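Each remark here refers to the structure printed beneath this line.
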Amino acid sequence: MQVCKRCLYDENIPMISFDADGLCNYCNQYDDMCAQYPTGKEGMSILEAEIVKIKKDQKNSKYDVVIGVSGGCDSSYMIHMAHKMGLRILAAHFDNTFNSKIAVENIKNVLDPLGIDLYTHVVDNQEYQRIFKSMLLAGVPECDAPTDLALAVTHYMAASKHKVKYIWEGHSFRTEGITPPGWVYMDAKYVSSIHKRFGDGKIKTLPMFWLKKWLKWMVIDGIKKFRPLYYLDYDKEEAKKMLAETYGWQWYGGHHMENRSAFFADNYWALLHDIDLRSCEFSALIRSGQMSKEVAEVEIKKPKRMDQDVMEEVKNRLGFSDSEWDDMINAPKKHYTAYPTYKRTFEKLRPLFYILYKKGYVTRSFYSKFCFPQSFNN
Ligand SMILES: [Zn+2]
């Protein structure tokens, strides 16, 4: 088994290759992204120029920027930074009805003292439970995809309603990492086709990321995406400390764990598909010098912390009997390629998405992952 000389990725990672020095293509991609998105003085001057542009473009609106909040570390830190930089923020939150108490408190504790308005969309809980159940019955790893898509839509809804042309996302490739293509896939057609096949009831209150709507938000409304953490020397441990001291913000014990369905998806469901998201996160932290490989190798061997309460909550709320639950857990696992998706359409529209990426409407990760064919041998 070949393992990358630098990170934790090995031959089991989809679409991995190694160079002559034994470094994986994901590490090389990381270095490439570090060059494209510099930090330090250079990063700060890019960020400052962006802020000048935003303030000029948004001078006739109530807000400068929409920022998604989850109660997690990345989005809370971004709110703090954007506020310090003088931006008038509209926070946006999608509530999938599985929020932890800590998440709700964190959102409030960060926004209230800064006087930041919050745009929230809450999905009907029964409807979300039916959709979530469909994703589990479909046997695909990304059971939380309906939420990930809906939160992106919620940001667009907030931006479109309040005439804001800028959405800031809290993603950091230096701390979260680069998930290999094929681990996680999502689009509206995928979710809708799975729900049609395995679920019941219409999708009415879940914001759906339909391609037509998306193109309208980009091309007609001119809404752009920006990831400020790409330009900042973002140290997650330091950020957690600062947030706790400044706002009474609380750590919830893991990446994306502020939400109970995300907790279930990452800590339990993904593992059933042989996906350990920690290898992605730890590899990122190794590359950015925030974790040593030795520590990561020890940490990843520790069993993931699954909370029995979360498991019971998912099982009961989704209406699984014990035997149905066991059948679902033991059913053959599927891949997104087993269901209708937009993937081929994204590939066909690659020239358009390239322009949209270059002009700042779509992220580099969307363009590089969704617009190119993927091949899998595992
Ligand atoms: Zn590597």
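No value in this document is a laboratory result; all are computed from the given coordinates. Keep in mind it's a predicted model, so treat the numbers as computed, not measured. No Cβ is skipped: glycine too gets one built from the backbone with ideal geometry, and neighbour counts run over all protein chains shown.
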If unit charges are put on Cβ atoms (+1 for Lys and Arg, -1 for Asp and Glu) and the dipole of the chain is taken about its Cα centre, the option from Phe132, Gly177, Ile194 lying farthest towards the positive end turns out to be Ile194
Length-normalised contact order of region 234-378 in % [C-alpha pairs under 8 Å, at least 6 apart] = 15 percent
Determine how many Å³ per residue the convex hull of the Cα atoms of region 205-337 encloses.
-> 210 Å³
List, in the order given, every pair from Lys84/Lys304; Lys108/Lys202; Lys84/Lys165; Lys84/Lys359; Lys213/Lys348; Lys161/Lys241 whose Cα-Cα distance in the structure shown is over 29 Å.
-> Lys84/Lys304; Lys108/Lys202; Lys161/Lys241
Could you tell me which of Pro141, Tyr77, Gln58 has its Cα farthest along the dipole of region 46-143 towards the positive end, charges placed at Cβ (Lys, Arg +1; Asp, Glu -1), taken about the Cα centre?
-> Gln58
Taking 0.36 nm per residue of separation between Asp57 and Lys213 and subtracting their Cα-Cα distance, the length gained on full extension comes to 53.9 nm
Selected from Val295, Val184, Val140 as most flexible by GNM, with the chain as the system and alpha-carbon contacts under 10 Å = Val295
Note down the relative contact order for region 1-117 as a percent, whole number, built from C-alpha pairs under 8 angstrom at least six residues apart.
-> 17 percent
Where in region 215-250 does the amide nitrogen come within less than 18 Å of the point 7 Å from the Cα of Ala49, taken along Cα to Cβ?
-> 225-233
In nm, the gap between the two label points placed 7 Å beyond Cα toward Cβ at Asp307 and Thr246 is 2.6 nm
Candidates Gly199, Gly72, Gly22: whichever shows maximal mean-square fluctuation once the chain is modelled as a Gaussian network with Cα springs under 10 Å = Gly22
At the level of C-alpha centres, the distance separating region 87-151 and region 192-226, in angstrom, is 16 Å
The chain - mean residue ellipticity at 222 nm from DSSP helices (-39,500 (n - 2.57) per run, n ≥ 4, rounded to 500) = -14000 deg cm²/dmol
Sequence-distant or interchain residues sharing an amide H contact under 5 Å with Ala92, placed H: which?
-> Ile67, Gly68, Val69, Tyr119
To the nearest 20 debye, the chain has a Cα-centred charge dipole, built from +1 on Lys and Arg Cβ and -1 on Asp and Glu Cβ, of 1820 debye
Two-site label geometry, Ile220 and Val122: point separation in nm, points 7 Å out along Cα→Cβ | 3.0 nm
Rounded to the nearest 0.05, FRET efficiency between Leu349 and Asn28 (Cβ-Cβ, R0 22 Å) equals 0.25
The chain: relative contact order as a whole-number percent, Cα under 8 Å and 6+ apart = 23 percent
Reduced to Cα centres, the span from region 319-339 to region 29-76 in Å works out to 40 Å
The chain: antiparallel bridges as % of DSSP beta bridges, rounded to 5, reads 15 percent
